[in-house]
Amino acid sequence: QTGTGKTHTMEGEHEGSVDGLPTEAGVIPRAMAHIFEYLQASGSEYSVKCTFLELYNEEITDLLAPELEGFEVRTGGAFETAAASKSHANRKTHSLMEDGKGGVAVKGLEEVMVYTPAEIFDYLSRGSSRRRTAETLCNKQSSRSHSVFSVTIHMKESTPEGEDLIKCGKLNLVDLAGSENIQRSGAKDSRAREAGEINKSLLTLGRVITALVDRLGHVPYRDSKLTRLLRDALGGKSKTCIIATISPASHSLEETLSTLEYAHRAKSIKNKPEVNQRLTKTALIKDMNNEIDRLRADLIATREKNGVYLSQASFEASEEERARLRKRIDELESAINLTKSELANVTALFELTKKAHTKLQRENASTTARLGETEQALCATQGALTDAQVEVEESTHLLGKFERAQERLHLKTGKLADTLATSKTEVEGLFGKLERAGAVEEANKAALDKMCEDLAGRLQKLERSLEEVQAAEGAARDLTRRQLADFMRRKEGEVEALRAKLEGMQNAVERGAVAAAACARSAAAAAAASLEEHASAEGAATAGYAAAARAARDAADHALSSVTAALSSEAEGLEAFATRQAAASSAAHAAAAGLN
């Protein structure tokens, strides 16, 4: 994403502070200061070399090359100075070659020895000033190329046996150019070609990241020089750190999301870092001697022949690079043909647009005339609009009242709906109860019919039983009457006998009185002196007999009265029993008649 501060993040400020790095120092100055601080603290022998290259339009140039001394190559947007154009022409391009160890090397790249951080900062400033930059609508000082600042360190270590070892390490600090939308950035001509190459290399980098994350069989490292340079950092043996810079502007939202997705996918790559290589001094000297021999062979071949000659190994490497370049040229020619066809289409579209523009100009003139008429009509419409606004306000007021009435009606309707729902539920329950009541009534009717049948049978049995009871009762009453008549006759006989006895007793008393009077009269002759006593005794005896007779008569009357009362009570009890039996029979007949 262009214009988000990538170059400032990597380089920043590295001058102007006496005590150390300034607060605006970037990643490269801070890393170099930390490296030299560690090396000086270790107390070991060391050497530090640095290179600074630029990848511009898929061409590698050396930013530390001596032939660029004295040239300022920064450009200022659409205007370029003659000195800048001359510096562009003097730039020498370098080719990529396989180093035989699974990596790549840039042929002929200037490697300078540095001893202090200040020297590195000086080379960094010198190389940065030579980078190609230009002004676009998105960025006032936009980097038009990728840059790689590499630092190679050799440290001397001694083994316990006294053997000297050389530990080698390399740090690549990459500043990528930002992708940009050509239409938004306003890039034209060479700027547009630069933007296309930048976007193409970043697209290839994205494809490499996708292939590594998805673990595809083929990873397109060779489709771009940028991915070939970063091959060891992407899924290789190095430790890699990526800083993604984004813009907070709302119009860059799409680019911001793309950058974040880019970094997230890159974070998923799995590298397999290895410990820095350790070489013996003998092996290092041997490698240097081999390099010297190769360079001497090239020099001898050049001296012995007119022109430029190379050794067989250099020639084969150059031929391989030339074949790759020819393939690249074919691809570019195909892209140019495609671009030409697209240009023809765009030209035709431009002609059509031009004609449409002319037509629109004529329509604009007529529209301007109509606009004057419309303005006059607009003045007349203003008055009508004022009246309409008053009507609208009144309508709005009425509409507000109507809406509030509708809301109240809606609330009442809701309550009525709830009531209807409740009533529906209750009616459904009532119908259910009625159905159940009907079923119960039918069951009761069936049970009642069955009970009536049973009751009719029982009543028939009861009638037969009542008839039998009535017959037995009649027989019992007849028997009772006969027994009562016999009892009355016996009692009447006994009363008559008692009365006869009483009359006999009375007669006996009367005869005793007569006999007593006769005895008294006979005794008077015997004793004259005791006549009065005898008379008194006779009177007393007569009174005693009379009292005894009365008592006997009273007892007989009392016994007769008791017997008569007992007979009357028994006769009343029998008559009451007969009455109750008759009433019960009548009630049974009435109940039977009611059931029928």
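Could you calculate the FRET efficiency of S423 with A590 from 1/(1 + (r/R0)^6), where r is the beta carbon distance between them and R0 is 45 Å, rounded to 0.05?
Numbers: r = 50 Å, r/R0 = 1.11.
In this case the efficiency is close to 0.35.
Would you kindly calculate the mean projected area, averaged across all directions, of the convex hull enclosing the Cα atoms of the stretch 447-489, in square nanometres?
Numbers: hull surface 12.3 nm².
If you wrap the Cα atoms of the stretch 447-489 in a convex hull and average its projections, you get 3.1 nm².
Could you work out how much longer the chain between I242 and E98 gets when fully extended? Use 0.36 nm per residue separation minus the Cα distance between them, nm to one decimal.
On the way: separation 144, 0.36 × 144 = 51.84 nm, distance 2.51 nm.
My answer for the length gained is 49.3 nm.
Return the carbon/sulfur percentage of the accessible area of the stretch 388-507, one whole number, probe 1.4 Å, all protein chains in place. Intermediate values should be presented prior to the final figure.
On the way: 5920 of 10070 Å².
Using a 1.4 Å probe with all protein chains present, the stretch 388-507 comes out at 59 percent carbon and sulfur.
If I take R0 = 22 Å and measure r between the Cβ atoms of H558 and V495 in this structure, what FRET efficiency does the formula 1/(1 + (r/R0)^6) give, to the nearest 0.05?
0.95
With each label point set 7 Å from Cα along the Cα-Cβ vector, what nm distance links E163 and K433?
10.9
Which FRET efficiency, nearest 0.05, do L257 and A317 yield, Cβ-Cβ r, R0 41 Å? Don't skip to the answer; put the middle values down first.
Numbers: r = 43 Å, r/R0 = 1.05.
Result of the calculation: an efficiency of 0.40.
Could you sort R404, R144 by their accessible area in this structure, using a 1.4 Å probe and putting the largest first? Could the numbers behind the result be given before it?
On the way: R404 120, R144 5 Å².
The residues order as R404, R144, largest area first.
From largest accessible area down, sort F52, F315; use a 1.4 Å probe on the protein chains. Walk me through the numbers before you get to the answer.
Working: F52 0, F315 100 Å².
Order by accessible area, largest first: F315, F52.
Sorted by packing (mean other beta-carbon atoms within 10 Å per residue), highest first, where do 111-124, 259-272 land? If you can, show how the numbers build up before the last one.
On the way: 111-124: 16.3, 259-272: 13.8.
Put in order of decreasing packing, that is 111-124, 259-272.
Any number yet on Rg/Rh for the stretch 299-435, C-alpha, Kirkwood?
That ratio is 1.63, to two decimals.
Please list, or write none, the lysines whose alpha carbon is within less than 24 Å of the alpha carbon of K450, excluding same-chain residues fewer than 8 places away.
K461
Round to the nearest 10 and report in Å² the accessible area of I28, as given by a 1.4 Å probe over the protein chains' heavy atoms.
10
Where only protein heavy atoms count, and the probe is 1.4 Å, what is the accessible area per residue for the stretch 203-254 in Å²?
On the way: 3180 Å² over 52 residues.
Averaged over the residues of the stretch 203-254, the accessible area is 61 Å².
For K239, give me every one of the lysines with a C-alpha distance below 16 angstrom, ignoring sequence neighbours fewer than eight places off in its own chain.
The reachable lysines, counting only those whose Cα sits under 16 Å from K239, are K170, K267, K270, K272.
Taking Cα centroids, how far is the stretch 150-175 from the stretch 363-435 in Å?
That distance is 84 Å.
Counting heavy atoms of the protein chains only and a 1.4 Å probe, report the per residue accessible area for the stretch 335-484 as a whole number of Å². Write down the numbers at each step before the final one.
Numbers: 12910 Å² over 150 residues.
Using a 1.4 Å probe on heavy atoms only, each residue of the stretch 335-484 averages 86 Å².
On a 23 Å Cα-Cα criterion, which of the cross-link pairs K6/K225; K225/K327; K200/K340; K167/K225 come out too long? Provide the component values of the computation, followed by the final result.
Working: K6/K225 20 Å; K225/K327 14 Å; K200/K340 19 Å; K167/K225 28 Å.
Table pairs above 23 Å Cα-Cα are K167/K225.
With the crude spin-label approximation of a point 7 Å out along Cα→Cβ, what separation in nm comes out for M451 versus I285?
With each label point 7 Å from Cα toward Cβ, the separation is 13.4 nm.
What translational D, rounded to a whole number of µm²/s, comes out for the stretch 412-530 from Stokes-Einstein when the hydrodynamic radius is the Kirkwood one over Cα pairs, at 20 °C and 1.002 mPa s? Intermediate values should be presented prior to the final figure.
Values: Rh = 24.9 Å.
It diffuses with D of about 86 µm²/s by this estimate.
With labels modelled as points extended 7 Å from the Cα through the Cβ direction, what inter-label distance (nm, one decimal) is found for T116 paired with V346?
5.2
The values are calculated or read from the model by the stated rules, or taken from the named source; none is laboratory data. The model shown is predicted, which means the values in this text are computed figures rather than measured ones. All Cβ positions, even for glycine, are placed from backbone atoms using ideal geometry, and neighbour counts span all protein chains on display. These accessible areas exclude ligands, DNA and RNA; they are computed on the full protein's heavy atoms, side chains included. Shrake-Rupley method; radii C 1.70, N 1.55, O 1.52, S 1.80 Å.
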